[in-house]
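The values are calculated or read from the model by the stated rules, or taken from the named source; none is laboratory data. Fair warning: this is a prediction, and the values are worked out from it, not measured in the lab. Using ideal geometry, Cβ is built from the backbone for each residue, glycine included, and neighbour counts are taken over all protein chains shown.
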Amino acid sequence: MSNLFSGINARFRGGSAKPSSGPQKSPTGSTASQPPPPELPTQGSQSSSTSLAPKVPPLPNSPSLAQTIGMDDSSGVMSGDELISSYHLPRPLPLWLNAQYAKHIVKGNFMTLSARPKTVEQGEWIAHQVVEHYRNLWNFVRVLHEKEDDGTSICNSTSCPRMSAGANHSFTWLNRNREPVELPAYEYMTLMQRWISGKIDDTNIFPTDPSGVSYAHNPAITTTPLSQLSNPGEPEYIGKRSGFPDKFVDICQMIFRQMFRVYAHLYWAHFTEPFYHLNLEKQLNSCFSHFVLTATALDMLKPAELEPMQPLIDLWAANGTFPPESKAYEYANIRAGERLLQLSNVPQ
């Protein structure tokens, strides 16, 4: 991925931007509120004495539960249209949910970039992935922070008054008093960059002493339990053998969570301008799909945390970007992805 960003700054200045005749930026407002589900009728107890019961006309057949919540009555599974409707996406759909614009710069299995080599200790591999994906992401954020001729940036307090991913998701930052506060996206991403850089540069969290590097435990070489290779009686955790602290995985999960939020904002607010207009949408797609595969494979992100970008994950699972053996594929709604492919007029 190191060569993905050569020439980004030149493109940003208009060197190879797409003509203005390209598609306009999709609206990011929320869709009209969905109508409330119909109330299921309740049936009171019936008396065995017919003489006391008033005569009432027969009640119409009430809809089944599957029909009430939008499921296929025969299979009990929500259809692709119902799944997409449950996401409350804007209309027209964002450009990045059109399969024609969800392509990558290369074809292949990104799982090969996410799979840990057998000789690399798990903590070392997680640390490597944190640094690598942070570098990739920050190259895109730099494009947003580049100053225009009038001194403003594309992402500013006017265009993005809060850190959000569409109309349905917004993110807050904890201030010094540990209170959640809403910030403009530009300020949020700046604080995120400082926070992650501070963690990566802290040698107590990310040690840099090469003498502390260890190889992965290979049961084919030794039958000694992993717990006995370190000090007996001490709890074992990921990264311990390489000198990482016991909270290392928790910190890395928070870093991945913050990076995901930034990616979500880039797609929802800035996919068309500037990335599509600068011919950078394939680079963005490549880095983000690699990020999702890695984060899910290493359990750095949970399914609920993927919600702002769930439709794109569905689409990539349906078109083969995410292989069936990956956790990203497991977390996807394939029916929704297949329906998005149909809406994009892409043969399956």
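Among the numbered criteria (1) out of contact with any strand residue (DSSP E or B) (no Cβ under 8 Å at 6 or more places or on another chain); (2) at pLDDT below 90, which single criterion is violated by A216?
All conditions are met except number (1).
Does the stretch 91-107 hold any residues that are assigned to a loop (DSSP other than H, G, I, E, B) and crowded, with 19+ Cβ neighbours inside 10 Å, and which are they? Give the derivation first.
In the first step, residues of the stretch 91-107 are kept if they are assigned to a loop (DSSP other than H, G, I, E, B); the result is 91-94, 98, 102-107.
P94, N98, A102, H104 - these are the residues of the stretch 91-107 that are assigned to a loop (DSSP other than H, G, I, E, B) and crowded, with 19+ Cβ neighbours inside 10 Å.
Every residue in the stretch 300-341 that is under 17 Å from H290 (Cβ atoms) and assigned to a loop (DSSP other than H, G, I, E, B), please.
Residues satisfying the conditions are M300, L301, N319, G320, T321, F322, P323, E325, S326, Y331, A332.
For the stretch 174-183, state whether one or more residues are assigned to a loop (DSSP other than H, G, I, E, B), aliphatic (A, V, I, L, M) and over 14 Å from L266 (Cα atoms).
Applying the first criterion (assigned to a loop (DSSP other than H, G, I, E, B)) to the stretch 174-183 yields 175-179, 182-183.
When the remaining residues are screened for being aliphatic (A, V, I, L, M), the result is 183.
With the extra rule that they be over 14 Å from L266 (Cα atoms), the set shrinks to 183.
Yes, there is a match, as at least one residue in the stretch 174-183 is assigned to a loop (DSSP other than H, G, I, E, B), aliphatic (A, V, I, L, M) and over 14 Å from L266 (Cα atoms).
For the stretch 239-259, give me each residue that is at pLDDT below 95 and over 16 Å from D202 (Cβ atoms).
The answer is K240, R241.
For the stretch 108-121, which positions are surrounded by fewer than 21 Cβ atoms within 10 Å (Cβ to Cβ) and within 17 Å of F291 (Cα to Cα)?
G108, N109, M111, T112, L113, A115, R116
Which one of the conditions (1) at pLDDT below 95; (2) in a loop (DSSP other than H, G, I, E, B); (3) crowded, with 19+ Cβ neighbours inside 10 Å does C155 fail to meet, given that it meets all the rest?
Just one mismatch for C155, condition (1).
Identify all residues within the stretch 184-208 that are over 15 Å from M254 (Cβ atoms) and in a loop (DSSP other than H, G, I, E, B); write none if there are none. Steps first, please.
Filtering the stretch 184-208 down to residues over 15 Å from M254 (Cβ atoms) leaves 184-187, 189-190, 201, 203-204, 207-208.
Selection gives P184, T203, N204, P207, T208.
Output the number of the condition that N136 fails; it satisfies all remaining conditions of (1) in a helix (DSSP H, G or I); (2) of a type outside the set (A, V, I, L, M); (3) farther than 29 Å from P245 by Cα.
The number of the failed condition is (3).
Is it the case, given these coordinates, that G29 is among the small types (G, A, S), part of a loop (DSSP other than H, G, I, E, B), farther than 30 Å from D246 by Cα and modelled with pLDDT of 50 or more?
Working: among the small types (G, A, S): yes; part of a loop (DSSP other than H, G, I, E, B): yes; farther than 30 Å from D246 by Cα: yes; modelled with pLDDT of 50 or more: no.
Judged against the criteria, G29 is not a match.
Can you find, within the stretch 244-264, the residue that is farthest from the chain's Cα centre (by Cα) among those that are among the aromatic types (F, W, Y) and over 15 Å from M189 (Cβ atoms)?
F244
Could you identify the single residue in V131, V141 that is closer than 21 Å to W195 by Cα, surrounded by fewer than 15 Cβ atoms within 10 Å (Cβ to Cβ) and either touching a residue at least 24 places away in the same chain (Cβ under 8 Å) or acidic (D, E) (or both)? Working first, answer last.
Details: V141 fails: surrounded by fewer than 15 Cβ atoms within 10 Å (Cβ to Cβ).
When all the criteria are applied, what remains is V131.
Looking at L191, L183, which one is of a type outside the set (S, T, Y), at pLDDT 95 or above and surrounded by fewer than 17 Cβ atoms within 10 Å (Cβ to Cβ)? I'd like the intermediate steps shown before the answer.
Details: L183 fails: surrounded by fewer than 17 Cβ atoms within 10 Å (Cβ to Cβ).
Checking each option against the conditions leaves just L191.
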